[in-house]
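Any read-out appearing in this document is the output of simple, stated calculations on the displayed coordinates, not a laboratory observation. Fair warning: this is a prediction, and the values are worked out from it, not measured in the lab. Neighbour counts run over all protein chains shown; Cβ positions are idealised from the backbone, glycine included.
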Amino acid sequence: MNREDFPMFNQDIVYLDNGATTFKPNVVIDKIKDYYENYSANAHRGDYDISYKVDLEYEDAREKVVNFINAKEKEEVIFTGGTTDSLNMIVNGFFAPIMEPLDEVILTTTEHASNILPWFRLANTKGIKIKYIPLDDNYHVTIDNLKKVITPNTKVISLAYVTNVIGDIRPIKEITKFAHENNIFVVVDGAQSVPHLKTDVQDLDIDFLAFSAHKMLGPTGVGVLYGKRELMEEIEPINMGGGMNESFDNEKEIILKDLPARLEAGTPNIAGVIGFGAAIDYLNKIGMDKIQERELQLRNYLIEKLVKIPHIDLINLEADSGIVSFNVEGIFSQDVAYYLNKYNICVRAGNHCAKLVKNATGVTNSIRVSLYFYNTENEIDSLVELLKDKEKIMAEMI
Amino acid sequence: MDKEIKREIIMEHYSHPKNRLRKDNPDYLKVNTNNASCIDNLDIYLKIKNNLIEDIVFDGEACAISIASTSIAITNLIGKTVDEALKYIENFNSMVNEKEYDKNILNEAIVFDDIYKQSNRQNCALLPYKGIKKALLDYLNK
Ligand SMILES: Cc1ncc(COP(=O)(O)O)c(C=O)c1O
């Protein structure tokens with residue numbers, strides 16, 4: 001649906017790598033162009049008209065994010081460079097100062113590198129301990145398994161709402177309920193969830209949420225850090241500089257601005273943020289419920305066909321998202337991706353930045369198809385047709 | 001060389017690569033070689049005595065082109081001196097990077113003479129040579 005809104009579809013291309021990034025609709029591109037052509041000034045300097053307009057548009061985008069995830073107030077929403085940036089700010093600005101040696105963070109082996117490596121650094125610099133929730137047979141997280149790894153030293157659980165290889169949707173609401181009963185914080189990596197399903201941070205009772213604009217029709221280099229107000233107040237700004245300070249005379253007298261400016265040092269990605277606002281409008285117009293429903297439809301359509309092909313090993317048969325991971329028996333995933341590329345089909349091969357996944361699945365790399373609402377049954381048919389014939393893959397992969 | 005023959009040679013080396021095994025043996029130098037942009041990741045083990053390459057084996061995971069290229073490289077480099085091997089590698093690199101090269105000393109590695117047309121696969125063909133070159137230079141600098 002809505003393919004006519006996306007200029008990338010003027011090319012003869014089957015794009016099935018939406019987990020990596022999505023295409024952009026005209027409204028987003030136009031919004032960015034409008035900024036550069038008509039009011040290309042800096043933010044927070046409202047001394048003249050076009051700069052004042054920048055502030056209005058920039059804060060308007062923030063308001064859109066606030067509503068999109070149902071945050072309480074604008075102080076809870078910070079614009080960052082992306083999920084990775086947001087997670088690093090949370091780990092280094094909030095958790096590093098409060099965690100003691102032997103305090104524990106709970107992760108899973110199916111997390112993306114950006115929700116693993118910042119914690120590894122804390123393990124190495126502060127001596128915190130890392131634990132992993134054991135996964136069930138489908139590589140899913142269950143509350144029972146979470147309970148097995150909780151100890152009195154557990155400070156925080158940090159996990160993806162939807163994982164980028166398995167595509168499982170985690171029971172976040174139950175997790176936060178259980179965590180909060182035990183005085184444990186919950187950090188949610190929303191990179192693969194916010195673009196695909198309705199997010200209500202209040203209902204889910206999430207402490208921190210990170211996500212990226214570019215995976216939800218918006219520009220690259222923009223992301224969001226959400227946190228409950230009282231927690232956001234405690235984040236130490238890792239970046240100090242312009243736009244975030246009220247005044248300073250010497251190193252003892254620094255007065256910082258209030259949220260959200262305090263955590264947005266330097267000139268932000270103004271065009272990106274404003275373009276992101278347009279992406280949110282666009283998603284809202286379609287409706288997140290409808291988007292999720294359509295993706296499930298497409299997923300089921302694809303799975304139904306893949307299970308009938310004997311040489312396809314499906315890795316995540318059970319998952320309610322548009323992520324489908326598999327291998328062609330006996331063929332290296334990258335070779336399959338090269339082969340599909342010859343037919344202008346874009347899929348991802350590899351370990352998808354989730355290098356611990358192999359500990360869970362025993363599979364070091366795979367082909368990942370990640371769908372978005374604009375994909376079609378026809379596209380899936382072309383993919384499946386090419387995968388059916390193993391001889392053809394072998395013949396054409398080099 | 002005919003395209004179909006090239007394909008057959010590549011597939012043969014891919015399906016039955018030479019010396020694909022682990023070697024935890026102190027006589028062997030170990031070097032890892034990988035491509036940052038993809039998931040090719042091989043360990044190559046070389047046994048060098050008095051400047052002569054006596055044996056090379058490898059293991060790990062990589063795409064068909066990388067595996068075939070490694071197998072062909074190993075076939076060609078065993079028995080060469082370190083200097084000869086370095087020259088061979090330079091020549092191969094020149095071919096893959098579309099520079100002037102000597103066709104006559106590459107043997108089967110010539111099957112990659114048009115790999116430059118697929119720029120996303122150049123690095124696959126180069127993968128073993130990157131690692132082996134590093135190991136040879138390490139050997140010389142020891
Ligand atoms: C689950 C998950 N977390 C984090 C990230 C990192 O996002 P970004 O590269 O936009 O910072 C990704 C993107 O690949 C992801 O899939």
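The Cα center of the range A:129-185 and the Cα center of the range B:11-53 differ in position by 40 Å. Between the range B:60-107 and the range A:16-39, the C-alpha centres lie 45 angstrom from each other. Working ranking of peptides A:387-393, A:9-15 by packing, defined as the average number of other Cβ atoms within 10 Å per residue, highest first, is A:387-393, A:9-15.
Quick one: net charge of residue A:260's neighbours, Cβ under 10 Å, K/R +1, D/E -1?
Values: positive: A:62, A:74, A:257, A:262; negative: A:59, A:73, A:75, A:76, A:258, A:264.
Computed value for this residue: -2.
Normalised by 2.2 N^0.38 Å, with N the number of residues, the alpha-carbon radius of gyration of chain A equals 1.02.
For the range A:71-84, backbone phi angles converted through the Karplus equation (6.51, -1.76, 1.60; θ = phi - 60°) give residue-by-residue couplings of 6, 7, 7, 5, 5, 8, 10, 10, 8, 10, x, x, 4, 4 Hz, Gly and Pro being listed as x.
Working from Cα positions, state the angle (0 to 90°, nearest 10) between the long axis of helix A:172-181 and the longest principal axis of chain A. Taking Cα atoms only, the helix is inclined about 50 degrees. Restricting the calculation to Cα atoms, every distinct pair contributes to the Kirkwood radius of the range B:3-140, found to be 14.8 Å.
Just counting partner chain Cβ atoms within 10 Å, what average do the residues of peptide A:331-341 show around their Cβ? Before the final figure, lay out the partial values.
Working: counts 2, 10, 4, 13, 8, 1, 3, 8, 1, 0, 2.
Taking the mean over all residues of the peptide, I get 5.
Pairs of Cα atoms nearer than 8 Å and 6+ residues apart set the relative contact order; for the range B:3-140 it is 27 percent. Of the cross-linked pairs B:3/B:80; B:6/B:30; A:72/A:228; A:305/A:390, which ones have a Cα-Cα span greater than 20 Å in the structure shown? Beyond 20 Å between Cα atoms: B:3/B:80; B:6/B:30.
Near residue B:94, within a Cβ-to-Cβ distance under 10 Å, what is the net charge of the other residues, with Lys and Arg +1 and Asp and Glu -1? Don't jump to the answer; show the numbers that get you there.
Values: positive: B:99; negative: B:90, B:98, B:100, B:102.
Local charge sum for residue B:94: -3.
Exposure proxy shown here: for A:304, A:59, the number of other Cβ atoms within 10 Å sets the order, fewest to most, as A:304, A:59. Share of pairwise Cα-Cα distances greater than 16 Å in the range A:206-251 is 59 percent (whole percent).
State the antiparallel share, in %, of DSSP beta bridges confined to the range A:26-285, rounding to the nearest 5.
Values: 13 of 28 bridges.
Here the antiparallel bridges make up roughly 45 percent for the range A:26-285.
For a test of the definition: using alpha carbon positions, the gyration tensor, and the 1.5 limit on a/c, classify the range A:166-226 as rounded, prolate or oblate. Verdict is prolate for the range A:166-226.
Which angle between 0 and 90 degrees, to the nearest 10, do you get for helix A:288-306 versus the longest principal axis of chain A when only C-alpha atoms count? Roughly 30 degrees between the two axes. Each principal axis of the range A:61-147 carries a Cα extent, and these read 39, 34, 21 Å when sorted largest first.
If you line up the long axis of helix A:117-126 against the longest principal axis of chain A, both from Cα atoms, how many degrees apart are they, to the nearest 10? So the inclination is approximately 50 degrees.
Summing charges over neighbours of residue A:112, with a neighbour being any other residue whose Cβ is under 12 Å away from its Cβ, gives 0 when K and R count +1 and D and E count -1. Summarised as an ellipsoid, the range A:148-255 has semi-axes of 29, 21, 11 Å, derived from the eigenvalues of the Cα gyration tensor scaled by 5 and square-rooted, with the largest first.
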